[in-house]
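What follows is a set of notes on a single structure, which appears directly below.
Only the coordinates and a few stated rules stand behind these numbers; no lab work does. Here the structure is a predicted model, which means the values were calculated and not measured. Glycine also receives a Cβ, built like all others from the backbone with ideal geometry; neighbour counts cover every protein chain displayed.
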Amino acid sequence: MPPSHKLGIVAGGGTLPAQIIEACRKSGRDFFVIALKGQAPSGSFADVPHVWLRVGAAGEAIVRLKTAGCKELVMAGAVARPPWWALRPDGWTTGFLARSRARILGDDGLLKALIRTLEDDEGFRVVGADTLVPGLLATEGVYGQVKPDQQAQDDIEQGIGAALEIGGRDIGQGAVVQLGEVLAVEDVNGTDAMLKQAGRMRLDGPGGVLVKIRKPGQEQRADLPTIGPATVAAAWRAGVRGIAVEAGGTLVLEREALIEEADRAGLFVIGVDVQKSQRAKSRTIANDRDGKSGPLIFIVAGEPSGDVLGARLMAALKKESSGEVSFAGIGGARMEEQGIKSLFPMAELSVMGAAEVIPNLPRILSRIRETAAAVDRMRPAALVTIDSPDFSFRVAKRLKGKGIKLIHYVAPSVWAWRPGRARKIAGFLDHLLTLLPFEPPYFEAEGLPSTFVGHPVVENGADTGKGGDFRRRHGIKKEETLIAVLPGSRVGEISRLHRIFGDALFLLAKKHGDFRVVVPTVDVVAGMVRDACAQWSVPTLIVQGEREKYDALAAADVALAASGTVALELAMARTPALITYRINPITAWIVRRLIRVRFVHLVNIVLDREVVPELLQESCRPDFLAAALEDLLLDEARRRRQIEGYAEAIKQLGHGGPSPASRAAKVVLQVITKADAV
């Protein structure tokens, strides 16, 4: 007997809508299709009841579905999130976007909000595609004739960690890993773009592995990761030798055709139990001491920058202890490369302070309890928490008085705002490692031993760029003026600044003549940066990867940058620059009443004078930026003074001495040794 409720099919790209339509026909179920313009294949629904609508016409779609008598809905097929300026939302869509705060939500957060609204406000029942097409979900095990070898299995484990990390930030659902190296991760541009990037980054040796899994906490009824025969073909073209998908969490389209394509290409396809993999990793943490007699150190990092610091600290601790130290804790791909087996995916902590924190709060609190319990059970010589104070300090408080040394790496900026935090953390920490030379006195005054170890920028390689090689590589003549432009690494920063930067460069070109522009960017926002820079009126080169970035900074005559870590990297590269930033005016009004410092650039803060021009908020205007850039380009003495100031500041930040990681490792071991001697 066919289902009684008429089904509404919101059809995007790919073959999934056609498979659902076929399933409805076989079961005798009535249905109606909303085909999304620019997403669903044109001409695909001529013989079925349907209407073509644009993505922004959600209100009209709801009216059409209700008029057709649909009670249940399924979202089928890929839908690329259109740029805000191209959405042209109708009244219903405008109201939904405003209520859901859609600008700050990732794709999964937006879909969750949409499903809640469709069910709670509009009376539909949203179902998953897997409930309509039996056997659509991936199953565990190898699909075709080709099986993964041990190296491929290791790459799959690494890929799961990388995919969980990127998924925890609601950015993408996949990663490509080769020989333990993450070649690419998925962003808003999708799997095909990720595979093309992986193909460009391919290493010598056996090909890499594409891993596709759900985002942590993902809405099961929409936007599950999907593969089909086309995915296999794209993977083969990228030099990938296998695909691993989450069993029970990935849709496999045209399974038989996919297996045939994989066998023909010599690729393996395997379904993996992600939860089983993570549980197995967790069970080995406490027992994986490898016979080492040195101290066990539990390290917690909650975000990518902390993962980098943690990895460097682990490498330095191994060197300082002649390899006898062992580790447990929570970290990302960098720390896992150093031998840590993360208690759970670090990506689960990335929601701290983000828009998704409230629905994830029970899980976060559970992870705090789980982490504290694991530390208490393992009895390490020390717990080292890295940044992420909302999570780190809650864990440390639970362990106060347990006989475990509690060390925190990266001091809260009490010198900038909320000075009362120094007294609070002094009540439960045993030692604090600071990045800035003037920070220890703020905490020592409250009785907390603190050590300046240096800023990580002094060891990240920003001073090793080869400008001449970069210019030769990209056909930029020695006498050509090159300006490095860095609009930020976050979606919000880029959306606020790219037009201002583009207009500033246009004004500068009218007065200063010909010049070239290079924009270093990171993988997760590269697509957005390319789209933004395509609107600029000056020749612009987009580059990705740390090596390319550092070479570009060294090659540039001057730079225009959003305030952030890159400003210090410019100082390391000795590239004269000006920094700028703009935030919401209300937020700026509040910040100005809380902040207790005159500057935002760390070079200016360390030297207590303006070495680098800061054009912030109201001064972040195209005409002001163009004028400031022109001053830098024309005034050699000004550029020289800035470079001299850079040298003075980065020396104070630890450049020229032992690495910050080495200093931090020595302090950690000293704290442990003193505890053992008591």
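For the chain, evaluate the Debye formula with one uniform point scatterer on each Cα (no solvent term) and list log10 I(q)/I(0) at q = 0.06, 0.08, 0.09, 0.11 Å⁻¹, rounded to two decimals.
Relative scattering, expressed as log10 I(q)/I(0), comes to -0.39, -0.70, -0.88, -1.27.
What order, most packed first, do the peptides 223-235, 17-29 have when packing is the mean number of other Cβ atoms within 10 Å of each residue? Can you show the working numbers first?
Working: 223-235: 22.1, 17-29: 17.3.
Packing order, densest peptide first, comes out as 223-235, 17-29.
Ratio of region 141-279's C-alpha Rg to 2.2 N^0.38 Å, to two decimals?
On the way: Rg = 13.3 Å, N = 139, 2.2 N^0.38 = 14.3 Å.
Relative to the 2.2 N^0.38 Å estimate, region 141-279 comes out at 0.92.
Residues with amide H under 5 Å of residue 73's amide H, sequence separation 5 or more or different chain, H placed in the peptide plane at 1.01 Å from N; which?
Those qualifying (amide H under 5 Å, at least 5 residues apart or on another chain) are 8, 125, 126, 127.
Of the cross-linked pairs 212/400; 510/549; 112/424, which ones have a Cα-Cα span greater than 31 Å in the structure shown?
Details: 212/400 40 Å; 510/549 27 Å; 112/424 37 Å.
The answer is 212/400; 112/424.
Roughly how compact is region 6-131, stated as its Cα Rg over 2.2 N^0.38 Å to two decimals? Numbers along the way, then the final one.
Values: Rg = 14.0 Å, N = 126, 2.2 N^0.38 = 13.8 Å.
So the Cα radius of gyration is 1.01 times the expected 2.2 N^0.38 Å.
Please give the FRET efficiency for residue 151 paired with residue 275, using the beta carbon to beta carbon distance and R0 = 22 Å, rounded to the nearest 0.05. Kindly include the intermediate steps, with their values, before the conclusion.
Numbers: r = 23 Å, r/R0 = 1.07.
Result of the calculation: an efficiency of 0.40.
Would you list 42, 413 from fewest to most Cβ contacts within 10 Å? Mind showing how you got there, number by number?
Numbers: 42 10, 413 17.
So the residues, fewest neighbours to most, are 42, 413.
Could you give me D for region 638-678, from Stokes-Einstein at 37 °C and 0.692 mPa s, where the hydrodynamic radius is the Kirkwood radius over C-alpha pairs? Units µm² s⁻¹, please.
Values: Rh = 12.5 Å.
Estimated via Stokes-Einstein, D reaches 264 µm²/s.
May I ask you to order 31-40, 254-263, 115-124, 653-662 by the average number of other C-beta atoms within 10 Å around their residues, highest value first?
31-40, 653-662, 254-263, 115-124
Which whole-Hz ³J(HN,Hα) couplings does region 508-518 yield from phi under the Karplus relation 6.51 cos²θ - 1.76 cosθ + 1.60, θ = phi - 60°, glycine and proline marked x?
Karplus-based 3J(HN,Hα) across region 508-518 equals 5, 4, 5, 9, 9, x, 6, 7, 10, 10, 10 Hz.
If only Cα atoms are counted, what is the Rg of region 417-548, and what is its Dmax, in Å?
Reported Rg and Dmax, both Å: 21.0, 59.
Using each residue's phi in region 372-381, evaluate 6.51 cos²θ - 1.76 cosθ + 1.60 at θ = phi - 60° and report the 3J(HN,Hα) Karplus result to the nearest Hz, with x for Gly and Pro.
Calculated HN-Hα couplings, in order: 4, 5, 5, 5, 4, 6, 7, 6, x, 5 Hz.
Based only on other Cβ atoms within 10 Å, what is the fewest-to-most ordering of 548, 618, 479?
Numbers: 548 19, 618 10, 479 5.
With the sparsest Cβ surroundings first, the list reads 479, 618, 548.
Given 10 Å bins starting at zero, what is the percent of C-alpha pairs of region 13-62 in each, up to the one with the largest pair distance?
Computed distribution, short to long bins: 24, 54, 21, 0.
So what are region 462-652's ellipsoid semi-axes, whole angstrom, largest first, if each one is the square root of 5 times an eigenvalue of the alpha-carbon gyration tensor? It would help to have the intermediate numbers written out before the result.
Values: eigenvalues 111, 81, 54 Å².
In descending order, the three semi-axes are 24, 20, 16 Å.
Which whole-Hz ³J(HN,Hα) couplings does region 46-61 yield from phi under the Karplus relation 6.51 cos²θ - 1.76 cosθ + 1.60, θ = phi - 60°, glycine and proline marked x?
Residue by residue, region 46-61 yields 4, 9, 10, x, 7, 8, 8, 9, 7, 4, x, 9, 5, x, 5, 4 Hz.
Above 12 Å lies some portion of the pair distances; for region 385-431, what is it as a whole percent of all C-alpha pairs? List each step's numbers first, then the result.
Numbers: 651 of 1081 pairs.
In whole percent, the long-distance tail amounts to 60.
Please go through region 418-451 and write out the chymotrypsin sites (Phe, Trp or Tyr not before Pro) that DSSP classes as loop and that have at most 14 other C-beta atoms within 10 Å. The partial results should precede the final answer.
Values: sites: 428, 438, 442, 443; in loops: 428, 438.
Filter output for region 418-451: 438.
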